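*Asks:* Can you keep this structure in mind? I'll have questions shortly.
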Amino acid sequence: MIRFSAGIFLIAQVFVFMKANPLVGDHVFPADPREFPFIASIRRKFPEEQLNRKHICTGALITQKHIITAAHCCHFIQMHEIDVIVAEENWTTPNFIYEIDSWITYNAWARATGKTIEFLSNDVMIIKLSSPVNREVITPINITIWNEQQLHRTNAFMFGWNISSVNSGNIMLVKGQVTILTNRAYEHRLRLMTNEHHEITKNYLVSSADPYILSSCGDSGAPLVDKDNVLLGITLGTCPTVGWGNFSLEFYRQYIINLHVNVYYYREFFEYVITLFGE
């Protein structure tokens with residue numbers, strides 16, 4: 001029998017993610033949460049002051065009780081230390097805060113079901129809420145039925161958080177438009193830049209924008225969606241981190257891409273968990 005667990009099993013990413021300000025770029029704009037009612041803020045509680053919560057990652061609501069996010073978001077964190085806020089107009093003083101019932105990573109599910117783990121890194125997990133979200137104001141997102149090749153050149157939106165200061169809970173949802181590339185196309189681009197071969201496996205998607213738009217560590221787990229608000233990917237970070245001599249940071253940034261979990265690859269995992277643990 002499969003059980004959700006507070007334990008997390010992670011294997012290091014092939015790429016090293018760089019940190020940046022949330023969604024760096026000139027074409028990043030405030031987002032109306034009412035347009036994207038499936039976006040969740042995963043926050044860590046502070047024991048000394050329960051009203052003070054710090055945003056650590058983002059997620060996407062795929063049912064009234066299930067959220068997809070990046071597995072590394074909850075590494076070294078216990079379930080009782082975090083909660084979730086979904087589709088709030090005021091994220092600083094939310095009306096609805098949801099507790100965590102359980103969670104499970106892809107690797108834990110695959111081991112429990114005897115499924116072969118094809119890739120070393122599977123940075124995706126499902127969080128189950130203790131109670132369902134408000135159906136009147138919050139709408140889950142649908143998962144794409146298109147694979148990486150079919151999504152080539154698709155325009156998509158990615159999301160991040162504009163946090164006013166390190167010690168402040170004031171955050172604002174922001175968005176930027178990017179274009180999905182095929183993994184092979186970006187591998188070729190990487191060879192031209194670094195003179196080295198880098199493989200981006202089919203459980204990932206890559207995206208870029210011109211001028212550039214880049215994610216931040218606090219944007220991990222954020223949904224990558226198309227114009228119809230269909231979930232295409234889950235943001236992990238940016239890659240690669242390489243030496244560029246005396247080149248400026250502005251020059252460097254235009255050659256970096258955003259790396260996302262390819263949710264199409266993990267559809268069986270999502271469907272199995274939601275069906276088996278739907279209640």
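The values are calculated or read from the model by the stated rules, or taken from the named source; none is laboratory data. If you're wondering where the values come from, they're calculated on a predicted model, not measured in any experiment. No Cβ is skipped: glycine too gets one built from the backbone with ideal geometry, and neighbour counts run over all protein chains shown.
*Asks:* Tell me, which strands (runs of 3 or more DSSP E) lie completely within segment 114-208 with 3 or more residues that are modelled with pLDDT under 90 and more than 13 Å from LEU232 (Cα to Cα)?
*Replies:* In segment 114-208, 155-163, 171-181 are the strands (runs of 3 or more DSSP E) which contain 3 or more residues that are modelled with pLDDT under 90 and more than 13 Å from LEU232 (Cα to Cα).
*Asks:* Determine the pairs where a residue that is β-branched (Val, Ile, Thr), located within segment 29-42, has a partner that is not in a strand (DSSP E or B) with Cβ atoms under 9 Å apart, the partner being 6 or more residues away or on another chain.
*Replies:* From residues that are β-branched (Val, Ile, Thr), the pairs are ILE39/ALA31; ILE39/PRO33; ILE39/ALA87; ILE39/ILE141; ILE39/ALA222; ILE42/CYS73; ILE42/CYS74; ILE42/GLY221.
*Asks:* Next question. Does GLU118 count as in contact (Cβ under 8 Å) with a residue 60 or more places away in the chain and charged (D, E, K, R)?
*Replies:* The answer is yes for GLU118.
*Asks:* Please count how many residues of segment 250-279 are modelled with pLDDT of 85 or more, among the hydroxyl-bearing types (Ser, Thr, Tyr) and either in a loop (DSSP other than H, G, I, E, B) or within 20 Å of PHE157 (Cα to Cα) (or both).
*Replies:* Summing the residues that are modelled with pLDDT of 85 or more, among the hydroxyl-bearing types (Ser, Thr, Tyr) and either in a loop (DSSP other than H, G, I, E, B) or within 20 Å of PHE157 (Cα to Cα) (or both) in segment 250-279 gives 3.
*Asks:* Quick one: how many residues across segment 114-150 are among the hydroxyl-bearing types (Ser, Thr, Tyr), surrounded by 13 or more Cβ atoms within 10 Å (Cβ to Cβ) and either farther than 28 Å from GLU81 by Cα or in contact with a helix residue (DSSP H, G or I) (Cβ under 7 Å, 6 or more places away or on another chain) (or both)?
*Replies:* Within segment 114-150, residues that are among the hydroxyl-bearing types (Ser, Thr, Tyr), surrounded by 13 or more Cβ atoms within 10 Å (Cβ to Cβ) and either farther than 28 Å from GLU81 by Cα or in contact with a helix residue (DSSP H, G or I) (Cβ under 7 Å, 6 or more places away or on another chain) (or both) number 1.
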